[in-house]
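Following: one structure in structure tokens, then a few remarks.
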Amino acid sequence: MKQKRWAIGLFATAALAGCATSGVPEPAAPSPPALPSVAPLAETAPTVQSDANTAVLLPRGDGDGVIVGSSESGGIELYGLDGARISSIAAGAAVGIDARFGAPSANAWTVAALDGATNRLRLFEVDPQTGAGRERTVRDIPIGFAGESLCLYRDARDSTLYAFALGAGGEIAQYMISARGDGFDATLVRQLRVASEASYCAADDANGDLYVAEQGVGFWRFEADPEAEVVPRLIDAAHVGNITEEAGGIAVYNAGATTYVVASDASANRFHVYDRNADYRLVGSFALTPAGATDGVQAAGGLNATSFGYGARFPQGALLAMDDENDGGTNYKLVSWADIAGALNLATGTPRDPRVAPDSTIAIVHPSVETRPVETDGDAADDPAIWVDRNNPSRSIIIATQKQSGLYVYDLQGRVLQFLPDGRMNNVDVRDNFSLGGQTVSIATASNRTDDSISIYRIDAATRRLSDVSDGVQPTGFVDPYGLCMYQSAQSGKTYVFVTDSNGPLRQWELIDAGNGRIRAERVRDIPFATQTEGCVADDATGVLYVAEEDIGLWRVGAEPDAPATPVSVITVEANEALKDDLEGIGLYDLGGGRGYLVLSSQGNNTYAVFRREGNNDYVGSFAVLADAARGIDGISETDGLEVLSANLGGAYGNGIFIAQDGRNIAPQEFQNFKLVPWSAIAGALNLESR
């Protein structure tokens, strides 16, 4: 390919020359500005097999450090800052390595290596003080493709460690690393891709960024969070951008509020620096040139950057660059970041110790149980409700919608008890104490988008199964009924259903005993909204209905049929930076006496915002549900519907329960499902009360 490009370029040059007017001199092309040059201050001894790829700089002692590098057939090699080889660790043909401190072991360095000979992930503990290391991988972890390189990401929110393995075919496989027995294991949680060879990567733990070098194309940015939506961004491209031809290594210099991405323009023997906080604006380029006995860097491959200071030579950290054309054999060059910053007039920021995890302001909880996935792919699972068995709370059931086909009934262990293929059910809710045929029964209702109706079911406490008790089709009059919630009036004892339309309006029906063992719905009022609404919850005790207008905010309005149909704003997306649209499901945790909490799905940032039930519904805080590596349950993302209960369901759910739809069910990659979290975990994370 390189020869073909060269030939095309030569042909184009000749053709242009032939078009020049004879005897008229061509104007001289302007000289390009001189490229700032920086000299490496140190270099390692050549790798044993002259097969360097990537390396990382780790602290050891006051102002001292150790370079841990991949040496392909030589495994892992360790060097001092003077460049002398300290030790080596057998790791097969290590084509890429990276390291993180504190995960999964609390007080040790974990080094991950990609063994190119066997195309498997290998995990080690390394002691920078002694240079000793031992493999901790408890089983073979094949990646399933021809490996090119690797990088690590430590989630700042809960310190979960992830590895990204890159492939010659553009594969990017993300693994969650966890402690298992006396060692480490890794579980595939997500697969990404670029079109051609993915050669290098780097992750920014503090900002949640993954950067990938696609050799013949350029540099990409992905979200490192495995639950995030996959929306890659091209930072720079070959031929049409600042990359000459071949994208080499990439690194992140994170110094607090100052973050730069450094990328190797390998075929031009230069390095580009991009300011992450200025929309990846190119802020300068430089070359690494010889100084004394240390030569420059040619065709740089793997890069690593740190803002942590290492003595007088590297006070603001360093850039570590693989030199593929070193005179004595492939090695690593060490460059002072202070020299790079001086040459390009860059800010240096606040140094970050790689042994200290970045701060996170979001509260974190983990799921305890997940339901069996629904039976179809795509956007399918949506909204859950919980019916409580008052005589035996452990027998309570989850009723959840499958908006492509029907309703699921699960037990509290996530097992399927019943499936009703009754239509495209979108939202569901339940209420006890409905009078039907002289009996007090529990009922569930769901918005049915197959026939634009309200489906009504009776719940059998003995069998934990649902039976249809709709008095024929109960039409909503909507073209696309969407959200649904129920309300039982403390004043009249009557039971109502609210249904929203995908275009905004909300409509209220009273549920009536039809006299034949069935139930019908009678329309009692409409409540206008300007744009799409879905999530809603009614507070039976206070007579208030809460509605989420997806792109706008949260509203409250009287739930009684004769209440004013004028919603009052609780909070808007614009006014609270913790919220990111779409706003979806909403649930109520009842503390009694009119006190409690509202929990709202902030789908755009995969979090859940908590507001007080009482007073002005003040914002309390937000939490995220992340993967539980020990249980092998992934986190919750892109949530549509949720439910919250304060009822004692026994065991872990003695203080209540939170359940939410998981829009991206990963680890393993499966169809959508629902995840359960004990309320006690949420209360502990946000310092909330429990019933």
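The values are calculated or read from the model by the stated rules, or taken from the named source; none is laboratory data. Being a predicted model, the structure only gives us computed values, none of them experimental. Don't worry about glycine lacking a Cβ; one is built from the backbone with ideal geometry, like all the others, and counts go over all protein chains shown.
Of note:
- Options GLY249, GLY309, GLY317, GLY301; residue that is under 25 Å from LEU152 (Cα atoms), within 27 Å of the chain's Cα centre (by Cα) and in contact (Cβ under 8 Å) with a residue 24 or more places away in the chain: GLY249
- Filtering the range 666-686 to residues that are closer than 22 Å to THR401 by Cβ and outside any loop (DSSP other than H, G, I, E, B) leaves ASN673, PHE674, LYS675, LEU676, VAL677.
- If the condition is being at pLDDT 95 or above and on the phi > 0 side of the Ramachandran plot, then the range 616-649 contributes ASN617, GLY621.
- Complete set of residues in the range 563-598 that are more than 27 Å from the chain's Cα centre (by Cα) and closer than 18 Å to PHE529 by Cα: ALA563, PRO564, ALA565, THR566, PRO567, VAL568, SER569, VAL570
- ILE571 vs. criteria closer than 17 Å to ASP662 by Cβ and either modelled with pLDDT under 95 or in contact with a Gly (Cβ under 6 Å, 6 or more places away or on another chain) (or both): no
- The combined condition, being among the aromatic types (Phe, Trp, Tyr) and crowded, with 19+ Cβ neighbours inside 10 Å, is not fulfilled by PHE419.
To keep it simple, each residue is scored yes or no on (1) buried (at least 23 other Cβ atoms within 10 Å of the Cβ); (2) within 26 Å of ASP471 (Cβ to Cβ); (3) in the same structural domain as LEU484 (by TED's automatic domain parsing).
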{"position": "GLY504", "(1), (2), (3)": "no, no, yes"}
{"position": "ARG507", "(1), (2), (3)": "no, yes, yes"}
{"position": "ALA521", "(1), (2), (3)": "yes, yes, yes"}
{"position": "GLN532", "(1), (2), (3)": "no, no, yes"}
{"position": "ALA548", "(1), (2), (3)": "yes, no, yes"}
{"position": "TRP555", "(1), (2), (3)": "no, no, yes"}
{"position": "GLY558", "(1), (2), (3)": "no, no, yes"}
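- Residues located in the range 193-207, provided they are within 25 Å of PRO354 (Cβ to Cβ) and either part of a strand (DSSP E or B) or among the hydrophobic types (A, V, I, L, M, F, W, C) (or both): ALA198, SER199, TYR200, CYS201, ALA202, ALA203, ASP204, ALA206
- Residue within the range 312-331 that is of a type in the set (S, T, N, Q), out of contact with any strand residue (DSSP E or B) (no Cβ under 7 Å at 6 or more places or on another chain) and farther than 20 Å from GLU246 by Cβ present: yes
- Residue check for ARG180: surrounded by fewer than 21 Cβ atoms within 10 Å (Cβ to Cβ) and either closer than 19 Å to SER149 by Cβ or at pLDDT 95 or above (or both): no
- In the range 278-298, the residue that is nearest to PHE219 (Cα to Cα) out of those that are surrounded by fewer than 16 Cβ atoms within 10 Å (Cβ to Cβ) and among the small types (Gly, Ala, Ser) is ALA278.
- Test for TYR211: is it touching a residue at least 60 places away in the same chain (Cβ under 8 Å) and among the aromatic types (Phe, Trp, Tyr): no
- Test: residue in the range 222-230 that is surrounded by 15 or more Cβ atoms within 10 Å (Cβ to Cβ), part of a loop (DSSP other than H, G, I, E, B) and either outside the structural domain of GLY69 (by TED's automatic domain parsing) or among the polar types (S, T, N, Q) (or both): no
- Number of positions in the range 186-202 that are without any contact (Cβ under 8 Å) to a residue 60 or more places away in the chain and either buried (at least 20 other Cβ atoms within 10 Å of the Cβ) or closer than 18 Å to SER264 by Cβ (or both): 6
- Residue match in the range 571-584 (condition: in contact with a Lys or Arg (Cβ under 6 Å, 6 or more places away or on another chain) and over 17 Å from GLU638 (Cα atoms)): no
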